[in-house]
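The values are calculated or read from the model by the stated rules, or taken from the named source; none is laboratory data. Since the model is a prediction, treat every value here as computed from it, not as a measurement. Every residue, glycine as well, gets a Cβ built from its backbone with ideal geometry; the counts of neighbours run over all protein chains shown. Accessible surface is based on the protein model in full, side chains and every heavy atom, while ligands, DNA and RNA are left aside. Shrake-Rupley method; radii C 1.70, N 1.55, O 1.52, S 1.80 Å.
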Amino acid sequence: MKSGAGPIAWGLLLLLLGSAAADPFLPGPWRQWVLPAGAAAAITAGIWRGIIPGRIWVAGGAILGLLVLYAWNPTHQWMPDTGLRAVDHFRNMPGSASSGDTKETLGLAMAMFTAFALAFQLSLREVRRLAIVVCGGAVVMALAVWFQRTGPRSFPVYEYTGIFVNENHYGTFSNMVFPVVLALAARARFRAVQTGQPSSPAGLVLLGAAIMAVAVLMCHSRAALAVMTLLVLLQLILGQRLLRQHPFMETSPAPGARIIGWGIAFGLAACAVSALVRGWSQTGGFLREWHFRGGILLDALKAWRDSWVWGTGPGTFATIYPYYQAAAYEGRTILHVHCEPVQFLVEFGVLGGLWVILATGLALTARGRGCAHAGEIPAFVELERRAFGFGLAACGLQSLVDFPLRIPLIAVLAATWAGIWAGTRPGLAQMKGET
């Protein structure tokens with residue numbers, strides 16, 4: 001049996017991630033087809049090699065088909081003088097208040113489906129190769145953030161944080177990769193102990209993790225600092241648990257390393273608390289911040305109330321929000337709710353949301369193919385798979401106060417991590433080939 005999707009799919013995944021990373025810098029017309037073109041090439045390769053399971057095809061077809069149905073059934077038309085005007089449409093069916101905005105979501109949805117499908121079939125060796133490339137890119141981006149934040153400028157206004165316009169999005173990206181970097185370091189150390197090697201690249205990998213952590217500190221994203229602190233604590237707890245399960249892995253430097261690790265965790269926690277206090281004191285306190293965000297949430301829920309069954313259509317929030325915004329937000333451009341679940345509910349409604357959730361659940365129950373391989377200590381599911389899960393959890397947590405899944409690179413990376421996590425779940429990990 002095949003050990004995985006092979007180097008072609010591995011390369012196409014990198015192409016997809018690269019296309020998503022380049023999206024903010026592409027000219028307008030290019031942005032509409034570069035990512036879909038990369039997804040189409042990957043899908044074609046998947047069909048040719050027959051490596052995409054049937055359930056994933058069904059799930060992806062269900063979600064993409066729903067988006068097509070939304071775009072095909074416009075409920076409103078934009079008029080230059082009067083704004084949105086209701087038009088005849090098929091009622092009680094999915095419809096979009098802005099068909100053009102919905103069509104733009106199709107390319108990203110196709111790329112996410114493709115990334116998930118191909119990542120699901122990667123062998124463990126291909127997964128690690130992909131993780132090394134992505135983690136290396138994240139460290140390079142962290143160094144770019146250092147340069148951006150330390151360069152002299154008259155006013156502390158930054159056009160980019162890494163390749164992201166918003167520092168919170170950089171923080172989300174970094175937190176998605178950070179636990180994988182720590183897992184790579186742990187694996188290097190465990191392998192060195194098992195093989196009797198006097199040294200390993202674990203220290204160099206941890207240096208990369210430290211560079212990423214400092215970059216998050218420098219960009220002053222409060223949510224990212226809090227989530228990164230949680231990730232460090234989880235990693236320390238997981239490391240101690242693994243050492244209890246496999247006591248022969250204990251080495252003499254470990255106690256000192258644990259002290260350093262806990263020191264870093266508490267240091268990050270202190271920085272996070274300091275950033276929260278400093279940020280809220282500058283904006284007038286927590287209540288003022290909550291009032292601003294809470295007002296947007298209430299306006300969004302008003303929009304959902306008027307279209308609660310199928311929603312207003314994927315990608316339409318920025319178009320419909322001016323018709324629901326409170327007077328306090330007049331003159332402001334509000335493009336997102338800053339709460340991904342609420343914006344998802346507004347755009348998809350109850351039935352559309354259930355459709356997407358059920359289709360996603362179907363994809364997560366797909367079974368991969370592979371060949372037997374010799375196990376390793378600790379097992380992949382005990383170390384790397386949990387790291388990918390932590391990365392997804394970090395994205396989910398920051399989605400509660402932001403909109404990271406509207407950013408192509410974060411969305412495609414989340415789909416890739418989800419495909420790896422699903423494809424290596426217990427029961428399947430034993431079938432994944434190392435060759």
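Table for the structure above
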read-out	value
Any hit, the range 11-27, residues being surrounded by 14 or more Cβ atoms within 10 Å (Cβ to Cβ), over 24 Å from A418 (Cα atoms) and modelled with pLDDT under 90	yes
The lone exception for P201 - which of (1) open to solvent by 40 Å² or more (accessible area, probe 1.4 Å); (2) modelled with pLDDT of 90 or more; (3) not aromatic (F, W, Y) it fails	(2)
From A223, A265, residue being modelled with pLDDT of 80 or more and small (G, A, S)	A223
Matching residues, the range 224-246, being of a type in the set (A, V, I, L, M, F, W, C) and open to solvent by 30 Å² or more (accessible area, probe 1.4 Å)	A226, L230, L233, L234, L236, I237
Test: residue in the range 373-394 that is within 22 Å of A59 (Cα to Cα), open to solvent by 10 Å² or more (accessible area, probe 1.4 Å) and at pLDDT below 85	no
Subset of the range 125-160 (residues that are outside any helix (DSSP H, G or I) and either loosely packed, with under 10 Cβ neighbours inside 10 Å or of a type in the set (D, E, K, R) (or both))	G151, P152, R153, S154, F155, P156, V157, E159
Selected residue [among the aliphatic types (A, V, I, L, M) and more than 29 Å from F147 (Cα to Cα)] from V177, V193	V193
Sole residue being open to solvent by 20 Å² or more (accessible area, probe 1.4 Å) and at pLDDT below 80, chosen from G4, G50, G65, G46	G50
Condition check for V346: closer than 14 Å to I296 by Cβ, open to solvent by less than 60 Å² (accessible area, probe 1.4 Å) and out of contact with any Lys or Arg (no Cβ under 8 Å at 6 or more places or on another chain)	yes
Qualifying residue in the range 78-94 (condition: of a type outside the set (D, E, K, R), modelled with pLDDT of 90 or more and under 23 Å from the mean Cα position of the chain (by Cα))	no
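Conditions (1) within 16 Å of L383 (Cα to Cα); (2) open to solvent by less than 30 Å² (accessible area, probe 1.4 Å), marked per residue:
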| residue | (1), (2) |
| --- | --- |
| F164 | no, yes |
| N168 | no, no |
| N175 | no, yes |
| A183 | yes, yes |
| R191 | yes, no |
| T195 | no, no |
| L217 | no, no |
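Here is a yes/no grid of residues against (1) assigned to a loop (DSSP other than H, G, I, E, B); (2) modelled with pLDDT under 70; (3) over 26 Å from the mean Cα position of the chain (by Cα):
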residue	(1), (2), (3)
G279	no, yes, no
G294	no, no, no
K302	no, no, yes
W308	yes, no, yes
P314	yes, no, no
L335	yes, no, no
